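*Asks:* Sending over a structure as structure tokens; questions will come in a sec.
The values are calculated or read from the model by the stated rules, or taken from the named source; none is laboratory data. None of these values were measured; they are calculated from a predicted model. Glycine also receives a Cβ, built like all others from the backbone with ideal geometry; neighbour counts cover every protein chain displayed.
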Amino acid sequence: ICKHHDIVKKSATPLEVEKRVMDVLPKSEWLAAHQAMIYFGRAICHPKNPECDQYPQLYHFD
């Protein structure tokens, strides 16, 4: 999800993705964000016919 929406570079490693998310979210939100990204990936931003581009407001991390 983070790579697909240019939150991190396409070449980012899993650790780089994790660091980016941890840098922009307060620690108290890490678990909820993790669970939300898993759900979002399964329900909306799935690999085949993703619908994630319908929700651009979710990708403003700066």
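*Asks:* Those residues that are among the aromatic types (F, W, Y), surrounded by fewer than 14 Cβ atoms within 10 Å (Cβ to Cβ) and closer than 20 Å to Q54 by Cα, I need them from the range 4-44; list them, please.
*Replies:* Within the range 4-44, just Y39 meets the criteria.
*Asks:* Are any residues in the range 19-62 basic (K, R) and at pLDDT 85 or above, and if so, which ones?
*Replies:* K19, R20, K27, R42 - these are the residues of the range 19-62 that are basic (K, R) and at pLDDT 85 or above.
*Asks:* Between residues in the range 1-18 that are of a type in the set (K, R) and residues that are modelled with pLDDT of 85 or more and loosely packed, with under 10 Cβ neighbours inside 10 Å, which pairs lie under 7 Å by C-beta distance while being six or more apart or on different chains?
*Replies:* That search, which allows pairs on different chains as well, returns K3/K10.
*Asks:* Please tell me if L15 is out of contact with any strand residue (DSSP E or B) (no Cβ under 8 Å at 6 or more places or on another chain), of a type in the set (A, V, I, L, M, F, W, C) and modelled with pLDDT of 85 or more.
*Replies:* Spelling it out, L15 is indeed out of contact with any strand residue (DSSP E or B) (no Cβ under 8 Å at 6 or more places or on another chain), of a type in the set (A, V, I, L, M, F, W, C) and modelled with pLDDT of 85 or more.
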